[in-house]
Amino acid sequence: MPQGLSIVIPVYNEEESIPELLEWTLRIIDSEKINAEILLIDDGSTDESWQVILNATKKDLRVIGLRFNRNYGKSAALQTGFDHAKGEIVITMDADLQDNPNEIPELIKIIETQNLHIVSGWKRKRHDPLSKTIPSKFFNWVTGMISGITLHDFNCGLKAYRSEVIKNIHVYGEMHRYIPVIAKWNGFKEIGEKVVEHRARKYGKTKYGMKRFVTGFLDLLSVTFVLRFKKNPMHFFGALGTLSFLSGFLITFWIIVEKLYRQFNYLPRRDVVDQPLFFLALVALIVGTQLFLTGFLAELLIQGTQRKGDYLISEKVNVS
């Protein structure tokens with residue numbers, strides 16, 4: 001077992017489930033003799049969740065409560081938990097009792113014995129309606145295809161991380177769904193999976209609707225673009241700009257050559273400005289120039305803000 005374990009649990013209006021979840025989790029920790037802390041991050045709950053958390057912290061010093069002044073979202077809660085976590089291994093789980101705390105020892109064992117950076121839960125059998133499971137499967141497939149990570153359930157809240165992973169990534173917006181993708185692009189590529197139990201919701205109702213699948217797809221495009229091109233935006237804007245500029249140039253060249261050919265051979269001809277292709281070429285030239293300049297300016301900004309800490313050193317040896 002690790003020298004230290006941190007369990008990070010985002011909370012939003014889960015006053016009924018928190019006592020049972022804590023009692024269950026602490027029982028597992030005690031039975032396995034794990035040195036652990038439990039961080040509960042209240043994401044601006046409007047019920048009595050915070051009071052329940054306060055009562056729990058008074059009963060057991062291993063329970064730590066953190067509270068937002070308003071609802072910022074699950075990503076913000078997770079990032080705050082990561083910032084305050086002290087364990088060598090960090091496990092995240094939801095507060096609604098749909099994640100089973102009995103999975104904790106096995107997650108720890110897998111991440112240690114297989115030397116993985118992340119172990120992600122896979123809710124193979126889900127207690128959710130088809131309106132959630134079908135879109136979820138589609139987005140898992142799309143995310144896997146784009147990222148190259150072979151996971152069945154990117155959005156499962158039950159995951160285990162090594163501390164160096166969560167201390168060197170930043171989760172914002174709604175990016176908690178794509179933490180494995182963010183981790184991979186930051187060099188943490190050893191990612192495994194474990195089938196976990198998905199329990200039916202016992203209290204309250206789900207906080208997620210169909211809106212999250214739309215925003216989830218946009219978030220995937222955003223995180224893919226940022227992680228791939230944040231260090232070299234010219235590779236993206238420059239390539240598109242060059243392609244657009246060359247297309248406009250070739251069209252313009254063809255129009256001019258055609259007019260000269262018809263003029264010298266006394267063939268019928270139209271004015272350049274009477275041809276729709278001329279305006280298409282003009283737009284392509286302008287757009288290409290703008291895209292190239294955008295990439296150039298982005299490169300200048302990155303050079304001016306680049307810091308030494310932006311690069312993670314995984315090992316250092318004395319070669320003298």
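The values are calculated or read from the model by the stated rules, or taken from the named source; none is laboratory data. Every value quoted in this text rests on a predicted model; they were computed, and no experiment measured them. Backbone-built Cβ (ideal geometry, glycine too); neighbour counts: all protein chains shown. For accessibility, only protein heavy atoms count, side chains too; no ligands or nucleic acids. Shrake-Rupley method; radii C 1.70, N 1.55, O 1.52, S 1.80 Å.
Which is touching a strand residue (DSSP E or B) at 6+ places or on another chain (Cβ under 9 Å) and in a helix (DSSP H, G or I), of Ile29, Ile38, Ile7, Ile34?
One residue alone meets the criteria, Ile29.
So which strands (runs of 3 or more DSSP E) are wholly in region 71-179 and hold at least 2 residues that are modelled with pLDDT of 85 or more, at negative phi and among the β-branched types (Val, Ile, Thr)?
Filter on region 71-179 gives 89-92, 118-122.
For Ser247, all conditions in the list (1) modelled with pLDDT of 85 or more; (2) closer than 24 Å to Phe139 by Cα; (3) in contact with a helix residue (DSSP H, G or I) (Cβ under 6 Å, 6 or more places away or on another chain); (4) surrounded by fewer than 21 Cβ atoms within 10 Å (Cβ to Cβ) hold save one; what is the number of the exception?
Just one mismatch for Ser247, condition (2).
Is it the case, given these coordinates, that Phe154 is more than 22 Å from Asn35 (Cα to Cα), of a type outside the set (Ser, Thr, Tyr) and surrounded by 22 or more Cβ atoms within 10 Å (Cβ to Cβ)?
Considered against the rule, which asks whether it is more than 22 Å from Asn35 (Cα to Cα), of a type outside the set (Ser, Thr, Tyr) and surrounded by 22 or more Cβ atoms within 10 Å (Cβ to Cβ), Phe154 comes out as yes.
Could you grab the pairs with beta carbons closer than 7 Å, sequence gap of 6+ or different chains, first residue in region 238-264 and over 26 Å from Phe296 (Cα atoms), second one open to solvent by 60 Å² or more (accessible area, probe 1.4 Å) and part of a helix (DSSP H, G or I)?
Ile255/Leu277
Every residue, every condition in (1) at pLDDT 90 or above; (2) over 26 Å from the mean Cα position of the chain (by Cα); (3) of a type in the set (Phe, Trp, Tyr), yes or no:
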{"residue": "Glu37", "(1), (2), (3)": "yes, no, no"}
{"residue": "Ile41", "(1), (2), (3)": "yes, no, no"}
{"residue": "Thr46", "(1), (2), (3)": "yes, yes, no"}
{"residue": "Phe68", "(1), (2), (3)": "yes, no, yes"}
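Of all the residues that make up region 47-70, how many are assigned to a loop (DSSP other than H, G, I, E, B) and either polar (S, T, N, Q) or open to solvent by 60 Å² or more (accessible area, probe 1.4 Å) (or both)? Even if it seems obvious, please write down each step before you answer.
Residues of region 47-70 assigned to a loop (DSSP other than H, G, I, E, B): 47-48, 60-62, 68-70.
From what is left, the residues that are either polar (S, T, N, Q) or open to solvent by 60 Å² or more (accessible area, probe 1.4 Å) (or both) are 48, 61-62, 69-70.
Residues in region 47-70 being assigned to a loop (DSSP other than H, G, I, E, B) and either polar (S, T, N, Q) or open to solvent by 60 Å² or more (accessible area, probe 1.4 Å) (or both): 5 in total.
Being open to solvent by 10 Å² or more (accessible area, probe 1.4 Å) and not acidic (Asp, Glu) is the filter; apply it to region 3-21 and report the residue that is nearest to Leu78 (Cα to Cα). Write out each step before concluding.
The initial filter retains those residues of region 3-21 that are open to solvent by 10 Å² or more (accessible area, probe 1.4 Å), namely 3-4, 10, 12-16, 19-20.
Keeping just the survivors that are not acidic (Asp, Glu) gives 3-4, 10, 12-13, 19.
Numbers: Gln3: 22, Gly4: 18, Pro10: 6, Tyr12: 12, Asn13: 16, Pro19: 20 Å.
Checking each candidate, the answer is Pro10.
Tell me the residue from Thr215, Thr224 that is at pLDDT below 90, in a helix (DSSP H, G or I), among the β-branched types (Val, Ile, Thr) and more than 10 Å from the chain's Cα centre (by Cα), please.
Result: Thr215 is the single residue among Thr215, Thr224 that is at pLDDT below 90, in a helix (DSSP H, G or I), among the β-branched types (Val, Ile, Thr) and more than 10 Å from the chain's Cα centre (by Cα).
Regarding region 74-90, can at least one residue be identified that is farther than 24 Å from Ser136 by Cα, buried (at least 17 other Cβ atoms within 10 Å of the Cβ), touching an Asp or Glu at 6+ places or on another chain (Cβ under 7 Å) and in contact (Cβ under 8 Å) with a residue 40 or more places away in the chain?
Yes, region 74-90 contains at least one residue that is farther than 24 Å from Ser136 by Cα, buried (at least 17 other Cβ atoms within 10 Å of the Cβ), touching an Asp or Glu at 6+ places or on another chain (Cβ under 7 Å) and in contact (Cβ under 8 Å) with a residue 40 or more places away in the chain.
If you take the residues of region 22-46 that are free of Cβ contacts under 8 Å to residues at least 60 places away in the same chain and of a type in the set (A, V, I, L, M), which of them is most open to solvent (accessible area, probe 1.4 Å)?
Leu26
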